[in-house]
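These notes are about the structure you will find just below.
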Amino acid sequence: MKSLISILDLSTDEILELISTANDIIANPDKYREACRYKKLATLFFEPSTRTRLSFEAAMLELGGSVLGFSEANSSSAAKGESVADTAKTVSCYADIIAMRHFKEGAPYVAAQNATIPVINAGDGGHNHPTQTLADLLTIYREKGGFENITIGFCGDLKFGRTVHSLIQALSRYSGLNVVLISPVELKLPSYIKKDILKENKIPYTQTTSLEEAIPDLDILYMTRVQRERFFNEEDYLRLKDSYILDPPKLKNAKSDLAIMHPLPRVNEISTAIDSDPRACYFKQVLNGKYIRMALILKLLQEAAK
Ligand code: CP
């Protein structure tokens, strides 16, 4: 694997290997302080980000490497009309590895086809977000001890939520998975994911609009933000944005070991009163995101050097 564009570019063995490296980094950070000395990560972010960009940068700095890049399209020559392909060829002359976020689905794939260095998809439109999925998988592994026999509820914007799409792809390869899809009718999971991933892998799933009814059965509740930036009109966004707000009364019938996850940023969908609940895992996901990105950078640079 030269680049990471989709979570399915990684085998289940490779995912376990990354989790094992991340756990070793957490236990022995000093061992890795010089692991990427003289190596450079380019962060090419054509869309806003806090966690993904900064965790990539922190990851590379903690590995002893350096970072360069841009955090908005307007501060790059994309504003003058330069193509993603030419940007990738150019940055290959300056850096050893690229993390790219783009508003267009498929842009990191185009970059990977044209770069001479590894490219990591840091989120492409409403499509995929494989490194958020790696952060989610590390969190699930640390909270639940593995990925089998899990009932997971995805709640919110399942249509545009790229983290949901990637995590469903990833979990579909483990046995005993049950999926509960909780969304307004307008924001249902795209049918191609239901057909190609859930039905194809014979994964039982149910669809509902009621978070309260779904909660008692769940081992994991994965909340998501309604993705304002993907809506065609503001009126629809305003009507749907507060469809689900998780607050303490809604957890009344939840399991005592429920893991509450969210890729963040949140807007209103999880009350801050939940933050002190021991079941809240979303800031653990943030920290795990840095460690798993360290493991990924190490793996891709080691493979590129072969
Ligand atoms: N989870 C996530 O992708 O966050 P950012 O948009 O802040 O990077």
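As a rough guide to protection, the peptides 164-177, 20-33, 261-274 ranked by mean Cβ packing within 10 Å, highest first, stand as 164-177, 261-274, 20-33. Residue order for 282, 94, fewest other beta carbons within 10 angstrom first, comes to 94, 282. Hydrophobic long helices, here whole DSSP H runs in the chain with Kyte-Doolittle means of at least -0.5 and Cα atoms spread over 24 Å or more along the helix axis, are found at 282-304.
The residue 90 and residue 50 beta-carbon pair, evaluated with R₀ = 25 Å, returns a calculated FRET efficiency of approximately 0.45. Note on region 131-285: Rg/Rh from Cα positions, Kirkwood definition for Rh, rounded to two decimals, is 0.93.
Each Lys and Arg adds +1 at its Cβ and each Asp and Glu adds -1 at its Cβ; summed about the Cα centre, region 1-68 shows a dipole of about 340 debye. Between the residues 128, 192, 208, the greatest Cα displacement towards the positive end of the dipole of the chain, with unit charges on the Cβ of Lys, Arg, Asp and Glu, is found for 128. Placing a pseudo-label 7 Å from each Cα along the Cα-to-Cβ vector at residue 272 and residue 144 gives an inter-label distance of 3.0 nm. The ranking of 44, 68, 300 from fewest to most other beta carbons within 10 Å of each one's beta carbon is 68, 300, 44. With a cut-off of 9 Å between beta carbons, the residues surrounding residue 32 carry a summed charge of -2, where Lys and Arg count +1 and Asp and Glu -1. The label-point distance for residue 185 and residue 2, in a model that sets each label 7 Å from Cα toward Cβ, rounds to 4.8 nm.
When you work out D = kT/(6 pi eta Rh) for the chain at 10 °C and 1.306 mPa s, using the Kirkwood radius from C-alpha pairs as Rh and the Stokes-Einstein form, the result is 80 µm²/s.
Counted over the chain, the DSSP beta bridges are approximately 5% antiparallel. Stretching residue 305 away from residue 206 to a fully extended chain increases their span by 31.1 nm, per 0.36 nm per residue minus the current alpha-carbon distance. The charge dipole of the chain, taken about its Cα centre with unit charges on the Cβ of Lys, Arg, Asp and Glu (plus for the first two, minus for the last two), comes to roughly 380 debye. Note on region 209-306: Cα convex hull, mean projected area over all directions, 8.8 nm².
Only one residue of 67, 222, 146 has its Cα farthest out toward the positive end of the dipole of the chain, where Lys and Arg carry +1 and Asp and Glu -1 on Cβ, and that residue is 67.
Every number here is computed from the coordinates shown, using simple stated rules; none is lab data. Since the structure is predicted, the reported quantities are computational estimates derived from the model, not experimental observations. Cβ: placed from backbone, ideal geometry, glycine included. Neighbour counts: every protein chain shown.
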